[in-house]
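Notes follow the structure.
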Amino acid sequence: MLQVSYIRENREKVLERLSVKNFKQPELVDEIISLDEERRQTQSQLDSTSAEANSIAKQIGELMRQGQKEQAEGLKAKSPALKERVKELGDKLASLEEKLQSQIVLLPNLPHTSVPKGVSAEDNEVAFEYGEKPSLPENALPHWELAAKYDIIDFELGNKITGAGFPVYKGKGAKLQRALINFFLDHAEEAGYREMQPPIVVNEASGFGTGQLPDKEGQMYHVGIDNLYLIPTAEVPVTNLYRDVILKEEELPVKNCAYTPCFRREAGSYGAHVRGLNRLHQFDKVEIVQISHPEKSYDILEEMSAHVQSLLKKLELPYRVLRLCGGDMSFTSALTYDMEVWCAAQARWLEVSSVSNFETFQSNRLKLRFKGKEGKTQLAHTLNGSALALPRIVASLLENNQTEKGIRIPAALVPYTKFEWID
RNA sequence: GGUGAGGUGCCUGAGAGGCCGAAAGGAACAGUUUGCUAAACUGUCGUACGGGUAACCGUACCGAGGGUUCGAAUCCCUCCCUCACCGCCA
């Protein structure tokens, strides 16, 4: 959520930035500005009317104490009109605030100046590419067939138990999952992140805090009976840990990480391109989250990006880094890097991480602030990234490392799997 | 699920219609003193919004929302949450 004061004072810039994000309702900006103007006027009127009412009440109290009953009664007569006016203005203010709020949450975050223009994934900028794409034998298989061949992931069983998009990992497949989670967590800890184990169902306020609600209601599984949501990413609980918190400046940056299952409804996406592990309703992910001083957040974004890349290098996976264009970026982000790994048998890039700086967009909703030495309280910046999401990593490991004698586990992972081959 | 108790500032905790944005203590921060540490002393010590270049002023907030009253942290109603005990249970 953008700050009204910022919009008010930077109208031109806001409009210009929104256009980079292909925002379709620029007229909202002016509506918000005029709504805010009316809101401020109304509040001024309300404040002075309340002040008058307060002062009369005080005088009455004073007169009563001195036993001057008649004078007190005289003053009381003034009260009803004021009271009515206070109520009127209060209602008006509340409705203006509500309207303002409902409009301002429709504005996406402003993209950073380095964000390329563009409307879709086609326009993303390849910032960096690393590693050799492996050349596979003629009879190479996509990962869903490899999974069946070695009996390590069972999509059919998942269908029976739950439905499509909920696979069952078996034997070395299950161990591989566990190994990757530990591998990612250990490296996050090494990079200074504190491991957390948050709840994986959250309340409405948390969904709002990180921006999933109200915009992306349909993306989450909703537990209606208790009005709770299954988390689509650990970002939600881990960032909301700091909702309504005022940190001390010297506590920054806050670095947390968490492994959680993630649940996404992914309504409307079916078909061949989402086969196998490519897109699931439940998957595992290790997330890294930072809360930063506004002046440091872009350095931190680079640091997080480097961390994610170091994991991919250790796993010996060819990858590329995309700088997302305005049109492809999420609603909440100011700058996002996507990391994609090469899946050799499918011959396509698959996103395994998304690292974003949200600047104050989330912290404004979360009321996540910090207080400097000078005593000034201001909004912190929040950032997060996947480090990493498992399914597509597994897909890529299976496809890229398939050989005559089985699937080779990269050396860095062997201490975690305790086996070198899936065969 | 049943019964009971309770939600006040960073924490503990007082306040029970006006003198309360809120005592007191602790924590924290700044300073004085001390050879260092500790102690002692002094001061600072909520947030948001509105107005003002600023000092500052106004308004709102004592779980949330309504109500009574000239006036509500305090009285009434509704809801939410927490804790304790019982039941069930990994």
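What follows is calculated from the coordinates using simple rules that are stated; it is not laboratory data. Quantities reported herein were computed from a predicted structural model and do not represent experimental measurements. Heads up, the Cβs are rebuilt from the backbone with ideal geometry, glycines too, and the neighbour counts pull from every protein chain shown.
As an exercise, identify the trypsin sites (Lys or Arg not before Pro) in the range A:341-385 lying in DSSP coil whose Cβ has no more than 12 other Cβ atoms within 10 Å.
Here the trypsin sites (Lys or Arg not before Pro) that fit, given the DSSP loop and packing criteria, are A:Lys373, A:Lys376.
Top mean-square fluctuation among A:Gln212, A:Gln43, A:Gln346, Gaussian network model of chain A, C-alpha springs under 10 Å?
Of A:Gln212, A:Gln43, A:Gln346, the Gaussian network model singles out A:Gln43 as fluctuating most.
Taking the simple approach of a point 7 Å from Cα along Cα-to-Cβ for both A:Asp186 and A:Ser5, what is their distance in nm?
4.8 nm
Based on the Cβ-Cβ distance of A:Ala347 and A:Ala148, what FRET efficiency does E = 1/(1 + (r/R0)^6) give at R0 = 22 Å, to the nearest 0.05?
Numbers: r = 20 Å, r/R0 = 0.90.
Efficiency, from the Cβ-Cβ distance: 0.65.
Could you work out how much longer the chain between A:Ala205 and A:Phe128 gets when fully extended? Use 0.36 nm per residue separation minus the Cα distance between them, nm to one decimal.
On the way: separation 77, 0.36 × 77 = 27.72 nm, distance 3.76 nm.
So the chain would gain 24.0 nm between A:Ala205 and A:Phe128.
Round to the nearest 0.05 the FRET efficiency obtained for A:Asp91 and A:Glu27 when R0 = 22 Å and r is the Cβ-Cβ distance. Don't jump to the answer; show the numbers that get you there.
Details: r = 27 Å, r/R0 = 1.21.
After rounding, the FRET efficiency stands at 0.25.
Could you give the longest part of chain A that holds none of the GluC sites (Glu not before Pro) found in DSSP loops with at most 16 neighbouring Cβ atoms within 10 Å?
Segment A:1-131 is the longest.
What is the dipole size for chain A, taken about its Cα centre, with +1 at each Lys and Arg Cβ and -1 at each Asp and Glu Cβ, in debye to the nearest 20?
Dipole magnitude for chain A comes out near 740 debye.
Could you tell me how many degrees, from 0 to 90 and to the nearest 10, lie between the Cα long axis of helix A:11-20 and the main elongation axis, the longest principal axis, of the Cα atoms of chain A?
Tilt of helix A:11-20: around 20 degrees.
How long is the gain from A:Ser120 to A:Arg194 if the chain were fully straight, where each residue apart is worth 0.36 nm and the alpha carbon distance is subtracted? Kindly include the intermediate steps, with their values, before the conclusion.
Values: separation 74, 0.36 × 74 = 26.64 nm, distance 3.54 nm.
Extending this stretch completely gives an extra 23.1 nm.
Where does chain A land at 222 nm, in deg cm²/dmol rounded to the nearest 500, when only DSSP H runs of n ≥ 4 count, each adding -39500 (n - 2.57), divided by all residues?
So the calculated ellipticity at 222 nm is -13000 deg cm²/dmol.
Give me the percent relative contact order of chain A, please, defined on Cα pairs under 8 angstrom at least 6 residues apart.
With pairs under 8 Å counted, the relative contact order is 20 percent.
I need the calculated FRET efficiency for the pair A:His273 and A:Asp423, taking r as the beta carbon distance and R₀ as 41 Å, to the nearest 0.05.
The pair A:His273/A:Asp423 has a calculated efficiency of 0.90.
Does anyone have the angle between helix A:297-314 and the longest principal axis of chain A? Alpha-carbon axes, 0 to 90°, nearest 10?
Rounded to the nearest ten degrees, it is 20.
Expressed in nm to one decimal, what extension gain is obtained for the pair A:Ala174 and A:Gln43 from 0.36 nm per residue of sequence separation less their Cα-Cα distance?
41.2 nm
Given points 7 Å out from each Cα along the Cα-Cβ axis, report the A:Leu75 to A:Ala306 separation in nanometres with one decimal.
6.8 nm
Tell me the angle of helix A:390-400 to the major Cα principal axis of chain A, expressed in degrees between 0 and 90 and rounded to the nearest ten.
Roughly 20 degrees, rounded to the nearest 10.
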